[in-house]
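Enquirer: Handing you this structure, nothing more for now.
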Amino acid sequence: MPLFLYRMETRNDIQNIEDIKLLVDTFYGRVREDEQLKEIFNTVIQNRWPEHLNKMYRFWQTVLLDEHTYHGSPFVPHAKLPVSETHFEQWIKLFNETVDTHFCGTKAERAKWQGSRMAEMFLIKINYFKNSQTIPLV
Ligand code: HEM
Ligand code: HEM
């Protein structure tokens, strides 16, 4: 078989809720095996993984497909987590790898960009609240 056949692009862009589910399931599957992240997630989420995954389907459906099924304040549950820059770097690395493994295209690029922006904002807020007594409202 000619070599180029092995190199043909087989990935599609993120297009529908099935794609979002694949992305979210694969990503959190990796998170749950990651030495740096698994304990933080499991300690908080415990037996509520189905609920968390459902919420994350809706979050990414809202962000990437413009179907507004998620409502809430995404930052609040992160405010008091024991996380710093290295955790967010690992989160971004796993997320980007997951996107690239399965998808290729405009939405795939947007997913990576949005994930990184959100991580950046969360980190700034977490560091800010660590140094103050204020309770975050959003
Ligand atoms: C500086 C950047 C950002 C700020 C200050 C910000 C702020 C907020 C605030 C205050 C809310 C809560 C609204 C409410 O309680 O009803 C919210 C909701 C939300 N944010 Fe952001 N956000 C930022 C970036 C992002 C990014 C990068 C994403 C995508 C990854 C994102 C996705 C969402 C979604 C999906 C909601 C829920 C919307 C809804 O309830 O209908 N945000 N944001
Ligand atoms: C090291 C980084 C992160 C850690 C350890 C982390 C951890 C968690 C945990 C434990 C929850 C569940 C809270 C609960 O249900 O009790 C959660 C919820 C959530 N996370 Fe993260 N997260 C991280 C980064 C991010 C990033 C970068 C995003 C956005 C792209 C994100 C989006 C969300 C959303 C939307 C929820 C649901 C919020 C709600 O309850 O409405 N997380 N996260």
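The values are calculated or read from the model by the stated rules, or taken from the named source; none is laboratory data. In this text the structure is predicted, and so the values were computed from the model without any measurement. Because the Cβ atoms are built from the backbone with ideal geometry, glycine has one as well, and the counts that use them run over all protein chains shown.
Enquirer: Please work out if Val24 is more than 7 Å from ligand 2 (Cβ to nearest atom) and aliphatic (A, V, I, L, M).
Expert: yes
Enquirer: List the number of the failed condition for Glu67; all other conditions in (1) closer than 17 Å to Arg32 by Cβ; (2) surrounded by fewer than 16 Cβ atoms within 10 Å (Cβ to Cβ) hold.
Expert: Result: Glu67 fails condition (1) only.
Enquirer: Right, here's the next one. Assess whether Phe59 counts as being within 13 Å of ligand 1 (Cβ to nearest atom), modelled with pLDDT of 95 or more and under 29 Å from Asn12 (Cβ atoms).
Expert: So Phe59 passes the test.
Enquirer: Within 13 Å of ligand 1 (Cβ to nearest atom) and exposed (fewer than 13 other Cβ atoms within 10 Å of the Cβ), is that true of His78?
Expert: No; evaluated as a whole, the condition is false for this residue.
Enquirer: Could you tell me whether Ala119 is within 12 Å of the chain's Cα centre (by Cα), within 8 Å of ligand 2 (Cβ to nearest atom) and crowded, with 17+ Cβ neighbours inside 10 Å?
Expert: yes
Enquirer: Scan the range 81-111 for residues that are of a type outside the set (Phe, Trp, Tyr) and within 10 Å of ligand 2 (Cβ to nearest atom) and jot them down.
Expert: Matches in the range 81-111: Leu81, Pro82, Val83, Ser84, Glu85, Thr86, His87, Glu89, Gln90, Ile92, Leu94, Ala111.
Enquirer: For the range 1-103, give me every one of the helices (runs of 4 or more DSSP H) that falls completely inside it and has 3 or more residues that are more than 26 Å from Lys130 (Cα to Cα).
Expert: Ranges flagged: 4-7, 17-31, 49-65, 85-102.
Enquirer: Sticking with this structure for a sec: What are the pairs, 6+ residues apart or on separate chains, where a residue within the range 90-115 that is among the small types (Gly, Ala, Ser) and buried (at least 16 other Cβ atoms within 10 Å of the Cβ) has its Cβ under 6 Å from a residue that is at pLDDT 95 or above and part of a loop (DSSP other than H, G, I, E, B)?
Expert: Within 6 Å, the pairs are Ala108/Asp13; Ala108/Ile14.
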